[in-house]
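The values are calculated or read from the model by the stated rules, or taken from the named source; none is laboratory data. None of these values were measured; they are calculated from a predicted model. Here Cβ is always computed from backbone atoms with ideal geometry, including for glycine, and neighbour counts include all displayed protein chains. Just the protein is used for accessible areas: all its heavy atoms, side chains included, with ligands, DNA and RNA removed. Shrake-Rupley method; radii C 1.70, N 1.55, O 1.52, S 1.80 Å.
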Amino acid sequence: RAKESGRGAFCFYEPVMDEKIERTRALTSDLHGAIARGELWLAFQPIFDLATHRILSCETLLRWDSPCHGSVSPAEFIPIAEQSGLIVEIGAWVLREACRHARDWPDTVRVAVNLSPIQLLSPGLAKVLKDALDATGLAPGRLDLEVTESVLLDDIDASLAALSAINRMAVGTTLDDFGTGYSSLGYLTKFPFQTLKIDRSFITALDDNPASMAIIQTVVDLAATLGMQTVAEGIETQTQLTQLRRTRCTAVQGFLLARPMSASQVANLLADETPRMRALS
Ligand code: C2E
Ligand code: MG
Ligand code: MG
Ligand code: MG
């Protein structure tokens, strides 16, 4: 291929790489205006209190149905939105829409929104947050923002300042995907999180690695000592759920209990007492 191009050694790309770059380019350009065209929508996945079996919160998961590319995974388009700077506009839209939906839920139910590193460290975050809360009337105490640990290490002081500012507004903070990054347990004491979300990989590992139970137990106990709640994410089997019950973590989330669902589905679920009890009994 290098020879055909006539550029000799300067052409390094494999065809498969060209395709990836081409797709990124196409997705970037189509993501512009996706909000205006109504292609983005929010899914919500319930988080269940392990003690009461009730829905404690619902996590907002962004969806993109593109007429050109079909349904694109957030794992693919969020990084693209970050690289192109679009995440600021999209993130603000997600926050406002999530608050708007949550305002109509029972007021015992919180809403969690994932925040990209760029959003957390952007100077406009406080205003975006305030605008979303003011425009919708959602009580700030019902909102939680989930951030992954990777971002915190990039700029510890700025992350700390941003998290404190969020907490001063009475909005909750959750450390997402805990255990996948480079942070140590001791590092947890540095940041003012109210909730710690144990990454799905530890839950999956319960199936064939007994040490995983010890790791989860240690994290749950340490979090409790530090006054933090714990959520176990990605529970897919009854066996995993049984083991997690023994750790006495605060809450559980996963396909076994409830899949991400549309806003109207979650509103129906929350209007009916029975399903949330059945899921865990
Ligand atoms: P996350 O915040 O860790 O979200 C959990 C992901 O795991 C979601 O994937 C969810 O659908 C999936 N999941 C939940 N339960 C299970 C389970 O039992 N088994 C398995 N295999 N998966 C489960 P999703 O929706 O594809 O989102 C992927 C990631 O994209 C999220 O990871 C989050 O980091 C990011 N993301 C999603 N929405 C947003 C958003 O609005 N803003 C930002 N910045 N990031 C978002
Ligand atoms: Mg999350
Ligand atoms: Mg997570
Ligand atoms: Mg994750």
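Within the range 131-158, work out how many residues are more than 15 Å from ligand 1 (Cβ to nearest atom) and closer than 22 Å to Glu59 by Cβ.
Matching residues across the range 131-158 total 10.
Quick one: in the range 239-261, which of the residues that are within 26 Å of Phe191 (Cα to Cα) and open to solvent by 20 Å² or more (accessible area, probe 1.4 Å) is farthest from ligand 3 (Cβ to nearest atom)?
Arg248
So, Leu50, is that one in contact (Cβ under 8 Å) with a residue 12 or more places away in the chain and within 16 Å of ligand 2 (Cβ to nearest atom) or not?
Working: in contact (Cβ under 8 Å) with a residue 12 or more places away in the chain: yes; within 16 Å of ligand 2 (Cβ to nearest atom): no.
For Leu50, the condition - in contact (Cβ under 8 Å) with a residue 12 or more places away in the chain and within 16 Å of ligand 2 (Cβ to nearest atom) - is not met.
Would you check if Pro46 is out of contact with any Gly (no Cβ under 9 Å at 6 or more places or on another chain), at pLDDT 55 or above and under 30 Å from Arg246 (Cβ atoms)? Spell out how you get there, then give the answer.
On the way: out of contact with any Gly (no Cβ under 9 Å at 6 or more places or on another chain): yes; at pLDDT 55 or above: yes; under 30 Å from Arg246 (Cβ atoms): yes.
When the stated conditions are applied, Pro46 passes them.
Check the range 96-115 and report whether any residue there is within 16 Å of ligand 3 (Cβ to nearest atom), at pLDDT 95 or above and either over 25 Å from Met169 (Cα atoms) or in a loop (DSSP other than H, G, I, E, B) (or both).
Checking the range 96-115: at least one residue is within 16 Å of ligand 3 (Cβ to nearest atom), at pLDDT 95 or above and either over 25 Å from Met169 (Cα atoms) or in a loop (DSSP other than H, G, I, E, B) (or both).
Which condition breaks for Ala81 when tested against (1) touching a residue at least 40 places away in the same chain (Cβ under 8 Å); (2) within 16 Å of ligand 4 (Cβ to nearest atom); (3) within 18 Å of Glu146 (Cα to Cα)?
Here Ala81 meets the rest and fails (2).
As an exercise: evaluate Glu236 against (1) without any contact (Cβ under 8 Å) to a residue 60 or more places away in the chain; (2) within 13 Å of ligand 1 (Cβ to nearest atom); (3) open to solvent by less than 20 Å² (accessible area, probe 1.4 Å) and give the number of the one condition it does not meet.
(3)
Quick one: in the range 172-223, of everything that is charged (D, E, K, R) and within 16 Å of ligand 2 (Cβ to nearest atom), which residue is most open to solvent (accessible area, probe 1.4 Å)?
Taking the range 172-223 and keeping what is charged (D, E, K, R), we get 176-177, 190, 197, 199-200, 207-208, 221.
Okay, now just the ones that are also within 16 Å of ligand 2 (Cβ to nearest atom), so 176-177, 197, 199-200.
Numbers: Asp176: 11, Asp177: 41, Lys197: 2, Asp199: 21, Arg200: 121 Å².
Among them, the one singled out is Arg200.
If you take the residues in the range 164-182 that are part of a strand (DSSP E or B) and within 12 Å of ligand 1 (Cβ to nearest atom), which one is farthest from Val111 (Cα to Cα)?
First, pick out the residues of the range 164-182 that are part of a strand (DSSP E or B): 172-178.
Then drop every residue that is not within 12 Å of ligand 1 (Cβ to nearest atom), which leaves 174-178.
Numbers: Thr174: 12, Leu175: 15, Asp176: 14, Asp177: 17, Phe178: 19 Å.
Filtering first and then ranking leaves Phe178.
Out of (1) in contact with a Gly (Cβ under 8 Å, 6 or more places away or on another chain); (2) within 18 Å of Gly91 (Cα to Cα); (3) away from ligand 4 (no atom under 16 Å from the Cβ), the odd one out for Gly141 is which?
Among (1) in contact with a Gly (Cβ under 8 Å, 6 or more places away or on another chain); (2) within 18 Å of Gly91 (Cα to Cα); (3) away from ligand 4 (no atom under 16 Å from the Cβ), Gly141 violates only (2).
Do you know which of the residues in the range 189-211 that are of a type in the set (A, V, I, L, M) and more than 16 Å from ligand 3 (Cβ to nearest atom) is nearest to Glu236 (Cα to Cα)?
Taking the range 189-211 as the starting set, the residues that turn out to be of a type in the set (A, V, I, L, M) are 196, 198, 203, 205-206, 211.
Then keep just the ones that are more than 16 Å from ligand 3 (Cβ to nearest atom); that gives 206, 211.
Working: Leu206: 11, Ala211: 19 Å.
Of everything passing the filter in the range 189-211, Leu206 is nearest to Glu236 (Cα to Cα).
Taking the condition of being of a type outside the set (S, T, N, Q), in contact with a strand residue (DSSP E or B) (Cβ under 8 Å, 6 or more places away or on another chain), open to solvent by less than 40 Å² (accessible area, probe 1.4 Å) and over 16 Å from Gly91 (Cβ atoms), how many residues in the range 47-75 meet it?
Final tally of qualifying residues: 7.
Suppose we filter the range 139-161 for residues that are away from ligand 2 (no atom under 14 Å from the Cβ) and within 22 Å of Leu175 (Cβ to Cβ); how many remain?
To start, the set of residues in the range 139-161 that are away from ligand 2 (no atom under 14 Å from the Cβ) comprises 139-142, 152-161.
Now restrict to residues that are within 22 Å of Leu175 (Cβ to Cβ): 140-142, 152-161.
So the answer is 13.
Among what's in the range 91-119 and is of a type in the set (Val, Ile, Thr) and in contact with a strand residue (DSSP E or B) (Cβ under 7 Å, 6 or more places away or on another chain), pick the residue that is surrounded by the most Cβ atoms within 10 Å (Cβ to Cβ). Working first, answer last.
First, the residues of the range 91-119 that are of a type in the set (Val, Ile, Thr): 94, 108-109, 111, 113, 118.
Checking the rest, the ones that are also in contact with a strand residue (DSSP E or B) (Cβ under 7 Å, 6 or more places away or on another chain) come to 94, 109, 111, 113.
On the way: Val94: 23, Val109: 18, Val111: 23, Val113: 26.
Ranking the candidates gives Val113 first.
Quick check on Thr173: is it within 15 Å of ligand 4 (Cβ to nearest atom) and out of contact with any His (no Cβ under 6 Å at 6 or more places or on another chain)? Outline the logic, then answer.
On the way: within 15 Å of ligand 4 (Cβ to nearest atom): no; out of contact with any His (no Cβ under 6 Å at 6 or more places or on another chain): yes.
No: the conditions fail for Thr173.
Consider Ser122 against the criteria (1) open to solvent by 10 Å² or more (accessible area, probe 1.4 Å); (2) part of a helix (DSSP H, G or I): it satisfies all of them except one. Which criterion is unmet?
Among (1) open to solvent by 10 Å² or more (accessible area, probe 1.4 Å); (2) part of a helix (DSSP H, G or I), the lone unmet condition for Ser122 is (2).
Report, by residue number, each residue of the range 136-163 that is part of a strand (DSSP E or B) and not hydrophobic (A, V, I, L, M, F, W, C). Before the answer, list the steps.
Initial filter on the range 136-163 (part of a strand (DSSP E or B)): 143-148.
Answer for the range 136-163, where residues must be part of a strand (DSSP E or B) and not hydrophobic (A, V, I, L, M, F, W, C): Asp144, Glu146, Thr148.
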